[in-house]
Each structure stands twice: as structure tokens, then as C-alpha cells.
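The values are calculated or read from the model by the stated rules, or taken from the named source; none is laboratory data. All of these numbers come straight from a predicted model, not from anything done at the bench. Virtual Cβ from ideal backbone geometry, glycine too; neighbours counted across all protein chains shown. Keep in mind that these areas ignore ligands, DNA and RNA; they rest on the heavy atoms of the full protein, side chains included. Shrake-Rupley method; radii C 1.70, N 1.55, O 1.52, S 1.80 Å.
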Amino acid sequence: MTRDLKEIFSFFRAEGTFLTGDAFGSGHIHDTFRITTAERECDDYILQRLNKKVFKNIPLLQENLERVTAHQRMKLSMIPGSDIKRECLSLIPLKANNLTWYQDEEGEFWRLLIFISDHRSYERVDSPHKAYEGGKAVGRFQAMLADLPGEPLHETIPFFHNIGMRLDTFHQVLDRDPVNRAESAGNVIAEIIRREEQMKIILRLGEEGRIPLRITHNDTKFNNILFDSNDKALCLIDLDTVMPGYVHYDFGDAIRTASNKALEDESDLSKVAMDIDIYKSYAEGFLSETRETLNDTEKEYLAFAPLLLTYTMATRFLTDFIDGDNYYKIKYPLHNLQRTLIQTELLKSMEKQYSEMQAIIRNLSK
Ligand code: ADP
Ligand code: GN1
Ligand code: MG
């Protein structure tokens, strides 16, 4: 593999000599490698073999990333003291042409990014300060892209957060039950089914024109926010799903991951609970950047967003489990079922604290 990585790396217009290439990070979608270079003064890089089962059209996906990062770069260049290489992703083009992706002879797609040096990332959050910083970073990201010129971004995964579509897929897979797993998941299937209607509220508000589509990140899992060594948020990474969406998707997914006292991959269910202090600090950071832009209905339903996104992930993990594990990378046979149980438990913890969550947003929205 190292030889291949070195060869793939050589097709990109990067500075420095390939030294090492090793698997990096804990993303569920792409194969990610950190490339170190021999020269001290040269950047390291992130080389990714992109998941073309999940993203059906990589050239269009890359076009989105090029537009988004160019816009961010332009905005950052107007802010004195900003560190562009660390505050947004930098795509490296090929030597042969200006494309930002390489397709190898097996049809696999690769891209190269500058490695954001000296960063920290967190799977879960243990201090209100990090949560506040994370919330601010997500709010700032949305504000920065609000005036992206040109056509709407491509929908890299159509209906990505559309819970109606997710539930339709869930029921289709459940009816087929291709690997006979439905029976073993009976309890958790019932938990999903009994909440179906209430979870469609955000979609209904969109249809009624009460909440607008904005440019959202759509994968604000907390480890997609990078921090510097002083725990100041640097930037959001993993821009593959940046496309039109509702503000609730970004608010909710970050809380889903940041406020859980346990990891998404936790084995001990009893550790799972939502930490309301983390929720509050994240909301404070987020609203400090977005209070003026969001309309009253968007704000009113922010507290519901973590419940929706947690429910959505429970549904997606469960669908993948019943389908025979075709989407998420798994490390053991029942991994997707365990992930579903964790999300369901977290959802119940949020439901218990829901009125408090609403009161916090009401106070912060004033
Ligand atoms: P996935 O979609 O599989 O989650 P990501 O694009 O999030 O892929 O990348 C996986 C991991 O690689 C991230 O969680 C992060 O640890 C690391 N990573 C990605 N891009 C960069 C970057 N530009 N600089 C430093 N680390 C990065
Ligand atoms: C995937 O790419 P990654 O690992 O950051 C998934 C998200 C889920 C997350 C759950 C494109 O995110 O939607 O919330 O796993 N991304 C895609 O851990 O499906
Ligand atoms: Mg990721």
C-alpha cells in the first residue's frame, strides 16, 4: 500500500518528498491516510480514497468542495491575522491538469488536502468551553457560506437528512430482511416506528415555507470540527455533504455527538446520557453567530433538532444492520445494532430533558 500511496501522491502538485503514508482518523466513509513529507518546511497531507458507493458522482462532489473552499478562502483573506491553511481545507490539484481528484486504473478516486497542522479533534466533549467553541465554529461556517454566489450546490447525497425518505428506506429493507436480522432487533424497531410521525415536523415546516433552506454542512459530528492546541476551534472539515439543508441539521448533529456522555461506539449502554451543560454551551456559541439571521420558527425548533438527528442516526444504523452492513465501516458483527442502541438510549435521555432544552434556547434567543 505504501508504494501505491507514494505513487498516487506523486500525481498531485504537492510540495515536499513523500516520507510515510499511514491510515489516519476514525471517519466512517473514506479511506484516509496521513502523508508526511521529508522536508521540515513542507506541509504534511491528507490523502483520501473516496467512497464511490456513498458518493455516486465524485467530480460533482469535488466541484462543490472547490467552490466552498474558494469562498471561505476569499472571506478569510479579508480577516487580518487569519491562518488560511489551518482555518479551511486546501485542495491540491493534479500536476497534469487543474482537477482536484485523480482516478486510478481500478477506477478509484483520490484527493489530496493539506494536513491541518497541530490540531486536536474530539469524539466527545468534556468541557463547556470546547462545546461553546464548536457551536461558534458551526455558526460561523454557515454565516461564511450564506452569500456563496452561483447555482445551488449539487446534492451530493440526495435526501441526505430527509427523515421521510430515510424511513421509507428503513421499511423497504425491513420488508426484505435480506440477512434475517429483523427478529433480533424487534425492540429497537418498535422504538423507531412509534416516533415516526413526530419526527417529520422539520420537513413539514420546510414544506410550509416557515423555515428556509440554507447552505449547511450536514455532517457536524464533533470530530469534524478541528481545534488548535489552546482548544480554540479552527475549522470544519469533511465538507462532502455541504449542500442545501435546514439549520436544524447542523445544530442537531453536533449536539448528538458532543453532548453524549458516552461515545457513539460505546459498549456500555448505561453510560449514555445527554449532558445538558454541554448542550447549553454549544447553543450559546452557535446562537452568538446566528441569532440575528435565524427566523423565529427556526429558533423555536432548535431544541428539537438534537432529537431528530439522534433519531435519524438510529434509523440509519438500524437500516444498515438489517441490510447486512453495506454502508458504515464495522469492526464486529453486531456493531451497527450496538450503534443503534446507543442512539436510542441517547434519544430517550434527550426526551427526558426536552423542556429544559427548550427553555435554554428561549433564554438564549432573547
Ligand atoms: P470521513 O468522511 O470518512 O469521516 P473525513 O474527511 O472526515 O472522512 O476525514 C477522516 C479524518 O481524517 C478526520 O476525522 C480527521 O481526523 C482527518 N482529516 C481529514 N481532513 C484533514 C485535514 N485537512 N487535516 C487534518 N486532518 C484531517
Ligand atoms: C458518517 O463521514 P463521517 O464518519 O464523519 C456519515 C454521517 C453520520 C456519521 C455517524 C456521508 O460521518 O452522516 O452522522 O457517519 N456520513 C455520511 O458517525 O454518511
Ligand atoms: Mg468525518
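What to note about this one:
- Across the chain, the relative contact order, built from alpha-carbon pairs under 8 Å that are at least six residues apart, equals 18 percent.
- Counting only Cβ charges, +1 for Lys and Arg and -1 for Asp and Glu, the dipole size of the chain around its Cα centre is about 420 debye.
- Between the alpha-carbon centres of segment 142-220 and segment 79-95 there is a gap of 32 Å.
- With helices as the sole contributors, the chain gives -14000 deg cm²/dmol at 222 nm; each DSSP H run of n ≥ 4 counts as -39500 (n - 2.57), and the sum is divided by every residue.
- Percent accessible area from carbon and sulfur atoms, segment 194-341, protein chains only, probe 1.4 Å: 48 percent
- Contact order normalised by residue count of segment 256-325, Cα under 8 Å, 6+ apart, percent: 27 percent
- HN-Hα J in Hz across segment 261-266 - Karplus 6.51, -1.76, 1.60, θ = phi - 60°, x for Gly and Pro: 5, 10, 6, 4, 9, 4
- One Cα centroid belongs to segment 96-116, the other to segment 275-294; the line between them spans 37 Å.
- Quotient of the Cα radius of gyration of the chain and 2.2 N^0.38 Å, N being its number of residues: 0.99.
- Peptide ranges 326-334, 186-194, 349-357 listed from the most packed, as the mean C-beta count within 10 angstrom indicates: 349-357, 186-194, 326-334
- Taking a straight Cα-Cα cut-off under 27 Å and skipping sequence neighbours fewer than 8 places away in the same chain, the lysines within cross-link reach of LYS130 are LYS75, LYS85, LYS221, LYS232, LYS261, LYS271, LYS280, LYS299, LYS348, LYS352, LYS366.
- Shape analysis of segment 94-228 places it in the prolate category; the axes a ≥ b ≥ c from the Cα gyration tensor give an a/c of at least 1.5, with a/b above b/c.
- Positive dipole terminus of the chain, leading residue within PHE317, THR216, HIS119 (C-beta point charges): THR216
- Given charges at Cβ of Lys, Arg, Asp, Glu: the chain dipole, positive-most of TYR246, ILE46, ASN363: ASN363
- Amide H contacts of LEU234: LEU226, PHE227, ASP228, each under 5 Å away and 5 or more positions distant or on a separate chain (H built 1.01 Å from N in the peptide plane; Pro and chain starts excluded).
- Relative contact order for segment 1-85, counting Cα pairs under 8 Å that sit 6 or more residues apart, in percent: 18 percent
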